[in-house]
Amino acid sequence: MPENLTYKILRAHLVEGDLIPGTEIALRIDQTLTQDATGTMAYLQFEAMGIDKVSTELSVSYVDHNTLQSSFENADDHLFLQTVASKHDIFFSRPGNGICHQVHLERFGKPGKTLLGSDSHTPTAGGLGMLAIGAGGLDVAVAMAGGAFYLNVPKVLKVELVGRLNPWVSAKDVILEILRRLSVKGGVGRILEYTGPGVATLTVPERATITNMGAELGATTSIFPSDEVTREFLRAQGREDDWQLLTADPGAEYDEAITIDLSALQPMVACPHSPDAVKTVVEVGPIHVDQVAIGSCTNSSYLDLMRVAAVLRGKHVHPNTSLVIAPGSRQVLTMLARNGALADMIAAGARILETACGPCIGMGQAPCSGGVSVRTFNRNFEGRSGTADAQVYLASPEVAVATALNGVLTDPRTLGDYPAFPAVSEFLADDSMILPPAADPTKVEVRRGPNIKPLPRQQPLPEELTGNILIKVGDNITTDHIMPAGAKILPLRSNIPAISQYVFSGVDPDFARRAKEQGGGFVIGGQNYGQGSSREHAALAPMYLGVKAVIAKSFARIHRANLINFGILPLVFCDPEDYNRLQQGDELYIAHVGISLVDNIVIIENRTGKYSFEVKADLTPRQIAIIKAGGLLNYTKEHVK
């Protein structure tokens, strides 16, 4: 029977279960990646399992998020990450080597392999034909230890690309169009598989831009075929031996399908404060822009920045607009420096940032108060930039550079001839900042700074739960709302007691204090609770504060998995109207929790309102066992000897 590409790779890595949509399966993981905002906890969890070395084909630890060293915490964590990687057979990409997804695409990604990463934008590698999935750090730690990764079989959405992009229209506009059509919830429970004649017109970096922002749809992942375009990219990286031809079979079936005519697309932007608030640049109009930022794992490739440099050559950034540029990798930065493109950017007035995530996660370059910032990033959630009242628009590098020159949001089609470049025949391959693991791990001492605190552990699930509603929030609450990032908070990522003081701090500054005083309790959420980043701190820190359950209308995939991993019950309203009846401060009570989870329907008594309502658990037997054990770490230690 003809198979789509997604099912081919899933079947080749299937450890448990059958490929029936909605049922749970277990996958063998070939590669893992971590980054420093999530990696410290992942490796502490890996160490807690008592395993000497990773069991994957390849595991890489990247430092790309917390590279600002205004105090000792980040530098100490970098040393911890370097030494723990050396000891446990993990490659280490040093600070300054680049953003994990860009570097992995360049140096490690292999078509047909599975990649699990403790970063929600791990699907970037789907541009190479990998099945690349973002997950919480504990799931990645289990995979490094040789355990399988569990997920429900997603539906496969066929995205047929036809036609060819017009000049000044880019891959960013493709994914913005899909977000406009499907919304930030439209990919939940789905894998997007790209097919059609338009695929061959897109380079690997362009494909990676599209798969990267598939995360904003809530999709499990996105994937392109591995074809001759893929082969040429790997050949230019000196890795042609990693290539294999991988496509869907003729006549393959899909659960759903949409068609995108590339030739019909226009330059677009995502307006504040959501990646799916998409309009054309013409519709938004020439609004004043205070800042333009080009970079992030979405649009910092060599091809992206060569086009930016070509537009800037001989011109100057508008005097009322700041332009910052962050190349995605050391490879990109070095090549730009050698061919003169970097000099063109500097001469035009651009500020060149380190090859890191930087402003995308609020790590520097916050806009001015009430400022408008046009960014080539993947998220524009309120406050994520570091400025609470900033208005952030997401756009392609072409829109961004045109805007930087004019000081107002600008349709790049007004700039004249589109800069075209020949395909790169050879990228600069210098892996000197990727450190291999130690030949003799017994000689490696793992360095632990004073900010690295012991892992907090959840207790096994009791037979009854009681507590007050600590907070009630609305739809599309992101992990940035739950556990903010930024230069002030992220350095505390290895210190759960300290970072827990910032849970919901941007929504309700008193949340952490109230949770501790009341001995924990419940959180009430709306639709798509926990969208955005994979950061497990958004589950781990609430667990530390005593949160027993989150009751919501629906959950984002990664965050729901993280809640389960840390022993917090994710419960869904049977009747969404019950959400409206609940108030902050209401006392809730659940009896016979373990039995209720098996029966799926959990009855919750609102002791304040003097009524009861029903919620669904929708947990597999394995997930129930994890919850009962007090989380995945406890469960794994019980089952992996």
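Readers should treat all values here as calculations from the given coordinates under stated rules, not as data from a laboratory. The shown structure was predicted, so the numbers you read here are calculated from the model rather than taken from an experiment. Neighbour counts are summed over all protein chains in view; Cβ atoms, including those assigned to glycine, are modelled from backbone coordinates with ideal geometry.
Quick notes on this structure:
- Burial ordering of Thr442, Thr38, Thr608, Thr195, fewest other beta-carbon atoms within 10 Å first: Thr442, Thr608, Thr195, Thr38
- Computed per residue of the chain from DSSP H runs no shorter than four, each worth -39500 (n - 2.57), the mean residue ellipticity at 222 nm is -8000 deg cm²/dmol.
- Dipole magnitude of the chain about its Cα centre (Cβ charges: Lys, Arg +1; Asp, Glu -1), debye to nearest 20: 900
- Ordered by the count of other Cβ atoms within 10 Å of each Cβ, fewest first, Ile496, Ile604, Ile223 give Ile496, Ile604, Ile223.
- Legend: residue pairs Lys110/Lys155; Lys488/Lys637; Lys110/Lys158; Lys553/Lys628; Lys53/Lys628, Cα-Cα distance threshold 32 Å; pairs beyond threshold, Lys488/Lys637.
- Radius ratio Rg over Rh of the stretch 5-264, counting only Cα atoms, Kirkwood formula for Rh: 0.97
- Cα gyration tensor, the stretch 465-519 - rounded (a/c under 1.5), prolate or oblate: oblate
- Of Val282, Val317, the sequence from fewest to most neighbouring Cβ atoms within 10 angstrom is Val282, Val317.
- Counting DSSP beta bridges with both ends in the stretch 465-639, the antiparallel % (nearest 5): 50
- Bridge type composition, the chain - antiparallel percent by DSSP, nearest 5: 35
- Computed from the alpha carbon positions, the gyration tensor of the stretch 465-639 leads to an equivalent ellipsoid with semi-axes of 23, 20, 15 Å, biggest first.
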